[in-house]
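Here is the structure we will look at.
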Amino acid sequence: MNTQEKLDLYVNSLISELERHIAAPIKDAIFQIKGSHRRLLALRGYLRYPSLDRGSIDDNWAWDKEKEEEFISSGLREEFCAEVAKVKRAFEASMTGYQLQGGVKVRTLSRQIDLWNGNETVNKFGLTLHRKCLEEVEHGGYGDVPETSDLARFRDFLAGKGLVGSPSNATPGLSDHGQARAIDFSVYRGKLEVAGQSTKTAKEKWDKPGFTEALRAAARGSKLSGPLKAPYEPWHYSFIP
């Protein structure tokens with residue numbers, strides 16, 4: 001058995017362990033992710049989630065169509081849209097010539113997986129994590145069969161703080177957008193997008209021209225809270241009904 005095969009055994013054992021304790025379809029989600037390094041980073045995200053004080057994975061998992069329809073019929077979507085319209089008007093009044101765009105919608109699990117698969121930071125941190133995990137399995141004295149103590153040790157290693165950085169996409173299934181609790185804005189001048197959703201250009205495209213502060217000011221007194229601080233996303237606001 002080579003090191004990659006041993007790592008796969010430990011990873012699959014941790015996935016099965018999660019599946020026994022969580023109703024959300026984590027296993028299905030992980031195996032829709034392309035590349036073992038991206039899957040490994042997602043698994044790390046699921047293992048770390050309970051320590052983030054955001055509630056359980058099941059309570060925060062992306063809605064299916066039925067739950068989305070419940071949200072719409074409850075009147076909360078209408079309330080969210082009204083708050084967004086209010087913020088847009090305030091922003092555009094303070095930034096003459098610019099328009100704020102962004103709509104209220106649920107980001108499905110499949111869309112979250114697509115974003116994860118195409119994200120540069122996921123690829124970067126996933127490759128680093130994969131290398132570190134191979135080194136851990138090879139030199140950490142792990143048995144070829146994932147016994148309870150070895151599996152617990154590897155789980156602790158994989159979920160360890162500071163092992164790699166945080167990607168700019170939420171772990172698939174756990175984005176606030178999956179339950180329509182957040183919105184991403186863009187700034188346009190006519191038909192031209194001048195500030196989108198790129199962490200690489202956030203300071204240049206959002207902070208420098210004053211869009212970050214203008215949006216923050218426009219959201220004061222509304223039911224939108226933001227921007228997101230980690231990762232830094234000046235366009236990302238949460239809905240607090």
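The values are calculated or read from the model by the stated rules, or taken from the named source; none is laboratory data. What you are looking at is a predicted structure, and each value in this text was computed from that prediction instead of being measured. No Cβ is skipped: glycine too gets one built from the backbone with ideal geometry, and neighbour counts run over all protein chains shown.
Structure notes:
- Per the listing Phe71, Phe91, the residue uniquely assigned to a helix (DSSP H, G or I), of a type in the set (Phe, Trp, Tyr) and in contact with a strand residue (DSSP E or B) (Cβ under 9 Å, 6 or more places away or on another chain) is Phe91.
- Of the helices (runs of 4 or more DSSP H) entirely within the stretch 2-62, those holding at least 1 residues that are over 15 Å from the mean Cα position of the chain (by Cα), under 22 Å from Asp150 (Cβ atoms) and free of Cβ contacts under 8 Å to residues at least 24 places away in the same chain occupy 3-21, 26-30.
- Residue in the stretch 168-180 that is surrounded by fewer than 18 Cβ atoms within 10 Å (Cβ to Cβ), touching a Pro at 6+ places or on another chain (Cβ under 7 Å) and outside any strand (DSSP E or B) present: no
- Of the residues making up the stretch 128-149, those that are touching a residue at least 40 places away in the same chain (Cβ under 8 Å), within 13 Å of Lys6 (Cβ to Cβ) and either part of a helix (DSSP H, G or I) or touching a Cys at 6+ places or on another chain (Cβ under 7 Å) (or both) are Cys133, Leu134, Val137, Glu138.
- Residue check for Thr201: buried (at least 19 other Cβ atoms within 10 Å of the Cβ) and not aromatic (Phe, Trp, Tyr): no
- Filtered residues of the stretch 217-237 (kept if without any contact (Cβ under 8 Å) to a residue 40 or more places away in the chain and out of contact with any strand residue (DSSP E or B) (no Cβ under 9 Å at 6 or more places or on another chain)): Arg220, Gly221, Lys229, Tyr232
- Flag for Lys105 being of a type in the set (Lys, Arg), closer than 17 Å to Pro241 by Cβ and in a helix (DSSP H, G or I): no
- Inside the stretch 95-119, residues that are at pLDDT below 95 and more than 19 Å from Leu224 (Cα to Cα) make up a count of 0.
- In a residue-by-residue description of the stretch 191-199, the property of being closer than 14 Å to Glu83 by Cα, outside any loop (DSSP other than H, G, I, E, B) and in the same structural domain as Glu78 (by TED's automatic domain parsing) applies to no position.
- Lys124 being surrounded by fewer than 16 Cβ atoms within 10 Å (Cβ to Cβ), under 16 Å from the mean Cα position of the chain (by Cα) and in a helix (DSSP H, G or I): yes
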